[in-house]
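The values are calculated or read from the model by the stated rules, or taken from the named source; none is laboratory data. It should be emphasised that the depicted structure is a prediction, and the values quoted were computed from it without experimental measurement. In this analysis, Cβ positions are derived from the backbone assuming ideal geometry, glycine residues included, and neighbour counts consider all displayed protein chains.
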Amino acid sequence: MGQSLLKVDNLSAAYGGIKALNNVSIEIEEGKIVSVLGSNGAGKTTLLKCICAAMKPTGGTISFRGKPLPNKPHEVVKAGLTHAPEGRQILANMTVMDNLMVGAYLRNDKAEVKKDLEYAFTLFPRLKERQKQYGGHLSGGEQQMLAICRALMAKPSLVMLDEPSLGLAPIIVSQIFDIIKELKKNGTSILLVEQNAYKALSISDSAYVMSVGSIVKQGSAEELLADKSLTEAYLG
Ligand code: ATP
């Protein structure tokens, strides 16, 4: 076992009376890519919302590097955990550069921010070319790249990506998945939420499969890819 980075224990959450998570437990080790898979409405986004403190769980615990994760969004970012949310949530009336700087707003280390910006631009040269354009003028793929880079600008040790492939052309999806592998090589741990299970498993170390608010399966990426019953039942 490697060093545990994020540990979610028996997490439950609800929207009013509707339960969305039932005793969900997951663990991410340092330096790994871990996927959370499952069809529409399985609870994947709700899990991420609870981890990044955008939603208050009804039960369970979340710890990061062995300590309770703070329950305020900016403190979660400060602790080293960021999020590229579902739907990207780019600031349409701000430039690419300003969107990226929003990601770094809690940092005072200007020289390091500049280095990280250069790194983001080497990952996605397209964003460098378009740095003065408004977020709202980017294509879907560029917006996804921007959402990932904005999450990286806080210099996280763990970044959570919610459906980065959604609605994008296969060639762009491949580029984004290559970048996710590159991030891992550079030491960032990744929690990847995806409906595109095969693609996600192809770059993951391990994965959890969710269905109606619960984890129904977990294992290494190879085990899950080889599990025919699973791929038929949950992964389409
Ligand atoms: P998707 O890929 O469609 O986002 P998901 O696995 O991320 O699916 P969630 O969005 O976490 O699933 O939804 C889990 C359950 O909670 C679903 O039954 C969904 O209808 C419900 N739900 C999600 N958001 C809300 C909300 N704001 N209010 C009420 N119910 C919600």
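Please find, within region 61-90, the residue that is modelled with the highest pLDDT out of those that are within 15 Å of the ligand (Cβ to nearest atom) and touching an Asp or Glu at 6+ places or on another chain (Cβ under 6 Å).
Taking the candidates together, the pick is PRO85.
Starting from residues that are within 19 Å of GLY31 (Cβ to Cβ), crowded, with 16+ Cβ neighbours inside 10 Å and away from the ligand (no atom under 14 Å from the Cβ), keep the ones in region 186-203 and report whichever is modelled with the lowest pLDDT.
My answer is LEU201.
Does any residue in region 30-54 that is within 16 Å of LEU6 (Cα to Cα) come within less than 6 Å, Cβ to Cβ, of a residue that is part of a helix (DSSP H, G or I) and within 8 Å of the ligand (Cβ to nearest atom) six or more places away or on a different chain, and which pairs are these?
From residues that are within 16 Å of LEU6 (Cα to Cα), the pairs are VAL36/LYS44.
Restricting the search to region 35-49, which residues are hydrophobic (A, V, I, L, M, F, W, C), near the ligand (Cβ under 8 Å from one of its atoms) and closer than 15 Å to ALA197 by Cβ?
The one that is hydrophobic (A, V, I, L, M, F, W, C), near the ligand (Cβ under 8 Å from one of its atoms) and closer than 15 Å to ALA197 by Cβ: ALA42.
Could you run through region 204-236 and say how many residues are surrounded by 14 or more Cβ atoms within 10 Å (Cβ to Cβ), in a strand (DSSP E or B) and of a type in the set (S, T, N, Q)?
Number satisfying all stated conditions: 4.
Identify the residue in region 21-53 that is touching a helix residue (DSSP H, G or I) at 6+ places or on another chain (Cβ under 8 Å) and crowded, with 22+ Cβ neighbours inside 10 Å and, among all such residues, is modelled with the lowest pLDDT.
Filtering first and then ranking leaves GLY38.
Only residues that are away from the ligand (no atom under 16 Å from the Cβ) and closer than 20 Å to GLN195 by Cα: list them for region 1-34, please.
Hits for region 1-34 are SER25, GLU27, ILE28, LYS32, ILE33.
Give the residue, chosen from GLU182, GLU129, that is more than 15 Å from the chain's Cα centre (by Cα), of a type in the set (D, E, K, R) and surrounded by fewer than 22 Cβ atoms within 10 Å (Cβ to Cβ).
Just a single option satisfies the conditions, and that option is GLU129.
Pairs needed: first member in region 148-161, more than 8 Å from GLY80 (Cα to Cα); second member anywhere, in a strand (DSSP E or B) and at pLDDT 95 or above; C-beta distance under 6 Å; at least 6 residues apart or different chains.
ALA151/THR82; ALA151/VAL159; VAL159/THR82; VAL159/ILE190; MET160/LEU191; LEU161/LEU192
Looking at LYS185, LYS199, can you tell me which residue is among the charged types (D, E, K, R) and in contact with a Ser or Thr (Cβ under 9 Å, 6 or more places away or on another chain)?
Being among the charged types (D, E, K, R) and in contact with a Ser or Thr (Cβ under 9 Å, 6 or more places away or on another chain) holds for just one of LYS185, LYS199, which is LYS199.
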